[in-house]
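K.L.:
Okay, here's the structure, questions in a sec.
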Amino acid sequence: MADSLLGPGASATVSVPIISLDVTMRRYISKAAAKSQVEFDYDGPSMKTSVPGPRSQELTKQLGDIQNVGAVNFFCNYEESRGNYLVDVDNNRMLDIYTQISSIPIGYNHPALLKLMANPNHLSTLVNRPALGILPPENFPDKLTESLLSVAPSGMTRVQTMACGSCSNENAYKAMFIWYRNKERGHSTPSGDDLSTCMINQAPGCPDLSILSFMGAFHGRTLGCLATTHSKAIHKLDVPSFDWPIAPFPRLQYPLEEFTKENTQEEAHCLEEVEDLIVKWRQKGKPVAGIVIEPIQAEGGDNHASPDFFRSLRNIARKHGCAFHVDEVQTGGGSTGKFWAHEHWGMDDPADIVSFSKKLLTGGYFHKDELQADQPYRIFNTWMGDPSKNLLLAEVLNVIRRENLLEEVTRSGKALLNGLYALQAQYPGMLSRARGQGTFCAIDICDDATRNSILLKARDKGVLLGGCGDRSIRFRPALVFKEYHVHLFLNIFNDVLNQHK
Ligand SMILES: Cc1ncc(COP(=O)(O)O)c(C=O)c1O
């Protein structure tokens with residue numbers, strides 16, 4: 001274990017001098033940002049090789065004989081990783097601001113989670129993975145209540161767990177179609193014709209219904225989800241898809257306060273398009289059963305829209321009898337400063353379905369009562385989630401509450417965004433459109449090649465970042481990313497940008 005690591009349970013107050021960043025990019029020591037809480041973190045990045053180092057390269061070659069390794073960045077040492085730091089197999093320790101594609105809620109090897117897993121009472125939950133839909137364990141209702149239901153979105157008391165984000169969305173779409181057909185029938189009993197035609201993929205058993213999605217959206221890579229994913233061609237190429245409507249997502253101009261009029265017009269235009277498409281597809285005989293949207297389009301480039309836009313869209317869905325599905329797979333779990341990003345819209349009835357995965361450790365979706373499938377096996381698979389993940393999630397939620405992590409996120413998010421504004425002013429030809437909510441932030445780089453080169457240089461200096469869209473960098477730290485880490489990051493990022501000038 002590295003010398004600078006404060007082991008689990010360390011209780012001393014630690015004061016580490018922090019190099020912080022001011023608007024003119026001078027380095028200085030900030031007392032305000034001193035690290036002063038009980039930590040299980042390392043003190044900073046520590047790089048031994050460039051990344052991937054020799055051991056990672058060796059392992060990539062070995063795995064390459066078994067799988068496509070084109071996407072592998074490097075191999076990790078998860079035992080040594082702690083808090084905000086991911087350690088690789090070459091003993092490089094990196095400040096992780098990408099966190100396994102935004103899926104680590106409270107950092108690596110959080111002591112509370114290690115303690116939970118060390119409890120022998122939980123062994124059988126880890127060892128015996130049940131087919132939850134038919135043989136749930138005794139404590140399953142309690143665990144769901146303690147974990148997922150304790151963070152249920154407004155107006156929703158039902159939840160269905162699933163394995164991953166795509167599988168959650170895929171089943172949520174099915175739930176919307178089933179709901180819509182039963183609504184059309186006026187009852188839930190299928191006809192003989194329905195039952196026979198569905199077996200040969202024909203209407204009316206397999207009806208020509210559609211789901212409206214947005215250009216730039218990412219909802220997963222399974223067949224149904226892929227029909228609503230429009231972020232990168234490589235995800236969709238060669239895969240048959242549905243003729244479903246695709247609406248434009250607002251393209252906001254920054255800084256927002258300078259472009260209020262233009263952005264309002266842009267959002268109004270997108271909403272008009274949505275209504276037009278709903279009408280057109282109904283006329284085509286492919287009515288829109290549901291609208292699916294991310295509160296912030298993530299993979300597609302961290303595209304934001306205003307709370308007004310979402311409130312109007314929710315009303316359009318209601319007006320046209322479409323279910324409204326908010327995909328919070330990436331935004332859910334606290335990184336926007338609220339547990340759900342849709343809470344920023346300030347609505348009592350924000351959605352009919354909210355899907356989740358990533359930071360919630362288990363996949364699944366919350367839904368309104370009426371979207372409950374009417375018969376068993378309509379929404380079903382072997383595992384339907386994993387009780388060991390609910391166990392971990394319950395403890396993650398305890399930590400979030402105990403440590404006020406949503407407040408921390410708001411605080412570090414402000415510091416991060418202010419730092420990005422400052423850097424943007426410092427490097428106007430290279431950086432633009434700094435944006436974000438909580439620590440869910442992004443910035444645009446002048447072009448794709450420079451973006452990619454910055455990502456690699458930052459990594460060699462010990463900071464892991466992710467790209468999204470054509471030329472954005474996205475920031476997806478864990479909820480334990482404090483102001484201290486923000487300043488650490490900004491200094492390194494500044495060095496990297498300086499090299500690119
Ligand atoms: C908004 C959103 N929906 C769905 C998915 C798919 O989730 P998974 O990769 O777990 O299938 C993702 C993954 O990044 C996502 O960001």
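K.L.:
Hey, among Y85, Y108, Y78, Y42, which residue is open to solvent by 30 Å² or more (accessible area, probe 1.4 Å), of a type in the set (F, W, Y) and in contact (Cβ under 8 Å) with a residue 12 or more places away in the chain?
P.N.:
Details: Y85 fails: open to solvent by 30 Å² or more (accessible area, probe 1.4 Å); Y108 fails: open to solvent by 30 Å² or more (accessible area, probe 1.4 Å); Y42 fails: open to solvent by 30 Å² or more (accessible area, probe 1.4 Å).
Residue meeting the stated conditions: Y78.
K.L.:
Of the numbered conditions (1) among the hydroxyl-bearing types (S, T, Y); (2) surrounded by 21 or more Cβ atoms within 10 Å (Cβ to Cβ); (3) away from the ligand (no atom under 16 Å from the Cβ), Y173 fails exactly one; give the number of that condition.
P.N.:
Result: Y173 passes all but (3).
K.L.:
In this structure, does A305 turn out to be within 15 Å of the ligand (Cβ to nearest atom), under 18 Å from the mean Cα position of the chain (by Cα) and over 19 Å from C164 (Cβ atoms)? I'd like the intermediate steps shown before the answer.
P.N.:
Numbers: within 15 Å of the ligand (Cβ to nearest atom): yes; under 18 Å from the mean Cα position of the chain (by Cα): yes; over 19 Å from C164 (Cβ atoms): yes.
Against the criterion (within 15 Å of the ligand (Cβ to nearest atom), under 18 Å from the mean Cα position of the chain (by Cα) and over 19 Å from C164 (Cβ atoms)), A305 qualifies.
K.L.:
Give all pairs with beta carbons closer than 8 Å in which a residue from segment 156-173 that is in contact (Cβ under 8 Å) with a residue 40 or more places away in the chain meets a residue that is acidic (D, E) and open to solvent by 20 Å² or more (accessible area, probe 1.4 Å); count only pairs at least 6 apart in sequence or on separate chains.
P.N.:
What qualifies is T157/D369; R158/D369; T161/D386; A163/D386.
K.L.:
State which residue pairs qualify: first residue more than 17 Å from V396 (Cα to Cα) and inside segment 112-137, second residue β-branched (V, I, T) and loosely packed, with under 13 Cβ neighbours inside 10 Å in any location, beta carbons under 9 Å apart, and separation of 6 or more residues or different chains.
P.N.:
Once the first residue is more than 17 Å from V396 (Cα to Cα) and sits in segment 112-137, its partners that are β-branched (V, I, T) and loosely packed, with under 13 Cβ neighbours inside 10 Å give A131/T382; L132/T382; G133/T382.
K.L.:
Are any residues in segment 184-200 assigned to a loop (DSSP other than H, G, I, E, B) and of a type in the set (V, I, T), and if so, which ones?
P.N.:
Within segment 184-200, the subset assigned to a loop (DSSP other than H, G, I, E, B) is 186-191, 199-200.
Of everything in segment 184-200, those that are assigned to a loop (DSSP other than H, G, I, E, B) and of a type in the set (V, I, T) turn out to be T189, I200.
K.L.:
Any idea which of (1) loosely packed, with under 14 Cβ neighbours inside 10 Å; (2) within 16 Å of the ligand (Cβ to nearest atom); (3) closer than 28 Å to D447 by Cβ is the one H269 doesn't satisfy?
P.N.:
For H269, the failing item is (2).
K.L.:
Would you pick out the residues in segment 461-482 that are part of a loop (DSSP other than H, G, I, E, B) and either charged (D, E, K, R) or free of Cβ contacts under 8 Å to residues at least 40 places away in the same chain (or both)? Walk me through it before giving the result.
P.N.:
The first filter runs over segment 461-482 and keeps only residues part of a loop (DSSP other than H, G, I, E, B), leaving 461-462, 465, 469-471, 476-482.
Once the filter is applied, which keeps residues that are part of a loop (DSSP other than H, G, I, E, B) and either charged (D, E, K, R) or free of Cβ contacts under 8 Å to residues at least 40 places away in the same chain (or both), segment 461-482 yields K461, D470, R471, R476, K482.
K.L.:
Also, quick follow-up: Where in segment 65-169 are there strands (runs of 3 or more DSSP E), lying fully within it, with 1 or more residues that are within 16 Å of the ligand (Cβ to nearest atom)? Full working, then the answer.
P.N.:
Working: elements: 85-87, 93-96, 158-162.
Filter on segment 65-169 gives 158-162.
K.L.:
Is there any pair with a first residue in segment 255-274 that is more than 17 Å from P307 (Cβ to Cβ) and charged (D, E, K, R) and a second that is open to solvent by less than 50 Å² (accessible area, probe 1.4 Å) and not in a helix (DSSP H, G or I) whose Cβ atoms are under 6 Å apart and which are 6 or more apart or on different chains, and what are they?
P.N.:
Pairs that qualify, where the first residue is more than 17 Å from P307 (Cβ to Cβ) and charged (D, E, K, R) and the partner is open to solvent by less than 50 Å² (accessible area, probe 1.4 Å) and not in a helix (DSSP H, G or I), are E273/A247; E273/P248.
Yes/no matrix, rows are residues, columns are (1) buried (at least 17 other Cβ atoms within 10 Å of the Cβ); (2) within 16 Å of the ligand (Cβ to nearest atom); (3) part of a loop (DSSP other than H, G, I, E, B):
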residue	(1), (2), (3)
V239	no, yes, yes
L252	yes, no, yes
I278	yes, no, no
V292	yes, yes, no
P295	yes, yes, yes
G300	yes, yes, yes
N315	no, no, no
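K.L.:
A further question on this structure: What residue, among those in segment 339-365 that are touching a Ser or Thr at 6+ places or on another chain (Cβ under 9 Å) and open to solvent by 20 Å² or more (accessible area, probe 1.4 Å), is farthest from the ligand (Cβ to nearest atom)?
P.N.:
For segment 339-365, the residue satisfying everything is D348.
K.L.:
Moving to a separate point now. Quickly run through segment 137-167 and pick out the residues that are in contact with a strand residue (DSSP E or B) (Cβ under 6 Å, 6 or more places away or on another chain) and within 14 Å of A351 (Cβ to Cβ).
P.N.:
Passing the criteria: A152, P153, M156, R158, V159.
K.L.:
Let me ask you something else. Within segment 241-250, which residues are without any contact (Cβ under 8 Å) to a residue 40 or more places away in the chain and either open to solvent by less than 60 Å² (accessible area, probe 1.4 Å) or under 16 Å from L313 (Cα atoms) (or both)? Reasoning before the result, please.
P.N.:
Step one: of segment 241-250, the residues without any contact (Cβ under 8 Å) to a residue 40 or more places away in the chain are 241-242, 246-248.
Within segment 241-250, I246, A247, P248 meet the criteria.
K.L.:
While we're on this one: What's the total number of residues in segment 201-228 that are free of Cβ contacts under 8 Å to residues at least 40 places away in the same chain, part of a loop (DSSP other than H, G, I, E, B) and open to solvent by less than 60 Å² (accessible area, probe 1.4 Å)?
P.N.:
Residues meeting the conditions: 5.
K.L.:
Also, quick follow-up: For the subset of segment 138-155 comprising residues that are among the hydrophobic types (A, V, I, L, M, F, W, C) and touching a residue at least 60 places away in the same chain (Cβ under 8 Å), which member is farthest from L464 (Cα to Cα)? Explain how you work it out, then say what you get.
P.N.:
Filtering segment 138-155 down to residues among the hydrophobic types (A, V, I, L, M, F, W, C) leaves 140, 144, 148-149, 151-152.
Next, from what is left, pick out any that are touching a residue at least 60 places away in the same chain (Cβ under 8 Å): 140, 144, 148, 151-152.
On the way: F140: 37, L144: 33, L148: 30, V151: 30, A152: 32 Å.
Result: F140.
K.L.:
With the requirement that a residue be acidic (D, E) and touching a helix residue (DSSP H, G or I) at 6+ places or on another chain (Cβ under 9 Å), what does segment 233-253 give you? Break it down stepwise before answering.
P.N.:
Filtering segment 233-253 down to residues acidic (D, E) leaves 238, 243.
D243, the sole residue that qualifies.
K.L.:
I'd like to know if segment 183-198 contains one or more residues that are within 16 Å of the ligand (Cβ to nearest atom), within 26 Å of A323 (Cα to Cα) and not basic (K, R). Show your work before the answer.
P.N.:
Of the residues in segment 183-198, the ones within 16 Å of the ligand (Cβ to nearest atom) are none.
Within segment 183-198, not a single residue is within 16 Å of the ligand (Cβ to nearest atom), within 26 Å of A323 (Cα to Cα) and not basic (K, R).
K.L.:
Confirm whether A458 is touching a Leu at 6+ places or on another chain (Cβ under 7 Å) and in contact (Cβ under 8 Å) with a residue 12 or more places away in the chain. Before the answer, list the steps.
P.N.:
Working: touching a Leu at 6+ places or on another chain (Cβ under 7 Å): yes; in contact (Cβ under 8 Å) with a residue 12 or more places away in the chain: yes.
For A458, the condition - touching a Leu at 6+ places or on another chain (Cβ under 7 Å) and in contact (Cβ under 8 Å) with a residue 12 or more places away in the chain - is met.
The values are calculated or read from the model by the stated rules, or taken from the named source; none is laboratory data. Here the structure is a predicted model, which means the values were calculated and not measured. We place every Cβ from the backbone using ideal geometry, glycine too, and count neighbours over all the protein chains shown. To get the accessible areas, we keep the full protein, side chains included, count just its heavy atoms, and leave off ligands, DNA and RNA. Shrake-Rupley method; radii C 1.70, N 1.55, O 1.52, S 1.80 Å.
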